[in-house]
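The values are calculated or read from the model by the stated rules, or taken from the named source; none is laboratory data. Here the structure is a predicted model, which means the values were calculated and not measured. We place every Cβ from the backbone using ideal geometry, glycine too, and count neighbours over all the protein chains shown.
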Amino acid sequence: MNKKEFRVLIKYCCLKGNNIVEAKNWLEFADTAPGNSIIKDWYAKFRRDEISTEDGERSGRRKEVVTDENIKKSHKMILNDRKLKLNEIADTLKISTERVHHIIREYLDMRKLCVK
């Protein structure tokens, strides 16, 4: 089950009048059931009349730097100079080294090889 389905079940238990322990026992049919603290947090939200089971909007920057353009540029840079370092690519593209590593591993399907 996914998070949203568990939240709907937690909401059902809350509206039915079950306490947190009863809800936890009822949800234990799935081995991925949320813990007591998560159930407690959702009970508090439902008691405050927050009826939505969706995730709230989060602050922070989105991963918008992983674009086709950045993927192509980094691929071209790597093919031109295979000894290029992550931070050099990151400085050129003006993105973080973490995102460069993600692009190389996930999108370009490349990995580091050591040949002696």
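Tabulated data for the structure shown
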item	result
Sole residue being loosely packed, with under 12 Cβ neighbours inside 10 Å and over 30 Å from Asn18 (Cβ atoms), chosen from Asn80, Asn70	Asn80
Conditions (1) surrounded by 10 or more Cβ atoms within 10 Å (Cβ to Cβ); (2) under 19 Å from Asn2 (Cβ atoms); (3) at pLDDT below 85: number failed by Glu28	(1)
Failed condition for Lys11, given (1) surrounded by 13 or more Cβ atoms within 10 Å (Cβ to Cβ); (2) under 22 Å from the mean Cα position of the chain (by Cα); (3) of a type outside the set (A, V, I, L, M)	(2)
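Residues checked against (1) closer than 28 Å to Glu106 by Cα; (2) assigned by TED's automatic domain parsing to the domain that holds Glu98:
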| position | (1), (2) |
| --- | --- |
| Leu9 | no, no |
| Ile20 | no, no |
| Asn25 | no, no |
| Phe29 | no, no |
| Ala33 | no, no |
| Asn36 | no, no |
| Thr53 | no, no |
| Glu57 | yes, no |
| Lys76 | yes, yes |
